[in-house]
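Enquirer: My questions all concern the structure below.
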Amino acid sequence: MSSSDTQPSSLRSLDASRMAFERAKLSVGGGVSSGMRAATKPHPLFVTKASGAHVWDLDGAEFIDYVMAWGPSIVGHSHPHVVDAVMEVVPRMQMVGMGHTLEYEAAELVLDAVPGAERLLWTNSGTEAVQIALRLARAGTGRSKIVKFVRSYHGWHDSVYASMGANNTAEAAVPSSAGQSLNAIRDLIVTEFNDISAAERILSEARERDIAAVLIDPIMSNAGLIPPAPGYLERLRELCDEYGVVLVFDQVISGFRIARGGATERYGVTPDLSTFGKAIAGGFSQSAVVGNATLIDQVQRGVSHAGTYNGNPVALAAVKATQEVLAEPGVFDRLEEVSAYFESGIQSVFDRLPFRPTLSRVGSFAAFVPQSAGSIVAAPEDIWDRITAGALARGVAFLPTGKIFLSTEHTLADVDRTVAVLGEVVDELVHDG
């Protein structure tokens, strides 16, 4: 790590954001447009500008950003190529509800990036994409049940938002929200990630238990970022083939982050269907179901796939431009370099804490793990809140969930500054006990 920036950080007041949050709560439920944003400590940051790997708040203070729109901004905020592509389309058309050339131009680039992908369907969010994939799987198999994994998140929809707690280990799904329909989760069979013997037992009864699909986040993006055990995805592929089950990879978070071709490129396992979102459009709202042509072409044979905003030209201009940037030679090599540099520097700071938190990382996606397996000192329950509040006051923005996103626009200098800031925060934590 560079020692060129060793001056103590100047503290941001955050006053304008605090007042904006209080005002927002008078008109917007919870004061935020997506529930988890309210968990930011000491309160959500309100911004007026985002460029590259930086954002500026209402007071005009600059922050190094590792929120990255909760993952989509893989090529940074306001990337010139993406902005230019969108601005070229906007004066000509916005929502048209008709065919346009960007539908297939963007699709061809995505299919080129993802090994084994034959066809796709456009939609608008990860939640929608997962629902479409499951409908295709059920139609293709004539079965109803879905296998999902404890703590895995596949969107907020009633039918998959279940068993998010670490103790929800029974096969019967447990609802994860008040107001959720119990009937909607009766088609779920829940098991543990990386437990291949459990998967073998469940899938061996696939026909008797009416199992249509295995829905899996291949790196458990919302559970501390847990990679698949060696051979685990390969064995799932074999089991699904053997018992006529559709294998669905939920790559809404990891897609175009852990590799240009996602989990298939990184781990060499081709699912029947994948869901992509977030980074697919570099900061614009768009998602896709990608994969086997026979399954996807069921939309021509009775499977309903609808959505007024699906494949709109503005979002697909962003998809096309983002995919063009990601396809440039050396992009993922540079992204891996800065991400590895980040991991090394941040871990060196975390090692100064007695409970030895760790940073789990795959590609440009990382996650804070509060306590190392070998530590006998318990981490305070609010440790990440304390770290992120201290970092935000010093000009570095992190997610309240512990997930960390880097982009092609983060520099080694950004990382050096981040390491210095976290060093100050950790020293303060150690001093205060």
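The values are calculated or read from the model by the stated rules, or taken from the named source; none is laboratory data. Computed from a predicted model, the values in this text were never measured in an experiment. Counting neighbours? That spans all protein chains shown, and the Cβs are built from the backbone with ideal geometry, glycine included.
Enquirer: Please identify the pairs in which a residue from region 94-114 that is closer than 15 Å to Tyr309 by Cβ has its Cβ atom under 8 Å from the Cβ atom of a residue that is of a type in the set (Val, Ile, Thr) and exposed (fewer than 10 other Cβ atoms within 10 Å of the Cβ), counting only partners at least 6 apart or on another chain.
Expert: Qualifying pairs under 8 Å: Met95/Thr308; Gly97/Thr308.
Enquirer: If only one of Thr411, Thr358, Thr418 is in contact with a Phe, Trp or Tyr (Cβ under 8 Å, 6 or more places away or on another chain) and at pLDDT 95 or above, which one is it?
Expert: Thr418
Enquirer: Which of the residues that make up region 4-47 are of a type in the set (Ser, Thr, Tyr) and surrounded by fewer than 18 Cβ atoms within 10 Å (Cβ to Cβ)?
Expert: Selection gives Ser4, Thr6, Ser10, Ser13, Ser27, Ser33, Ser34.
Enquirer: Looking at Val377, Val325, Val362 in this structure, which one is more than 27 Å from Ala38 (Cβ to Cβ) and in contact with a His (Cβ under 6 Å, 6 or more places away or on another chain)?
Expert: None of the others qualify; the one that does is Val325.
Enquirer: Can you tell which of Asp272, Asp217, Asp241 is surrounded by fewer than 19 Cβ atoms within 10 Å (Cβ to Cβ), among the acidic types (Asp, Glu) and under 26 Å from Thr294 (Cα atoms)?
Expert: Exactly one of Asp272, Asp217, Asp241 is surrounded by fewer than 19 Cβ atoms within 10 Å (Cβ to Cβ), among the acidic types (Asp, Glu) and under 26 Å from Thr294 (Cα atoms), namely Asp241.
Enquirer: Would you kindly identify the helices (runs of 4 or more DSSP H) lying entirely within region 208-301 that contain at least 2 residues that are of a type in the set (Lys, Arg) and on the phi < 0 side of the Ramachandran plot?
Expert: The qualifying helices (runs of 4 or more DSSP H) are 232-243.
Enquirer: Of the conditions (1) in contact (Cβ under 8 Å) with a residue 12 or more places away in the chain; (2) surrounded by fewer than 19 Cβ atoms within 10 Å (Cβ to Cβ); (3) of a type in the set (Val, Ile, Thr), Val83 fails just one. Which one is it?
Expert: Exception for Val83: condition (1).
Enquirer: Also, quick follow-up: Could you list, in sequence order, all residues of region 189-227 that are under 30 Å from Gln371 (Cα atoms) and charged (D, E, K, R)?
Expert: Once the filter is applied, which keeps residues that are under 30 Å from Gln371 (Cα atoms) and charged (D, E, K, R), region 189-227 yields Glu192, Asp195, Asp217.
Enquirer: Which residues, counting only those in region 78-96, are in contact with a Gly (Cβ under 8 Å, 6 or more places away or on another chain) and more than 12 Å from Phe284 (Cβ to Cβ)?
Expert: Those that are in contact with a Gly (Cβ under 8 Å, 6 or more places away or on another chain) and more than 12 Å from Phe284 (Cβ to Cβ): none in region 78-96.
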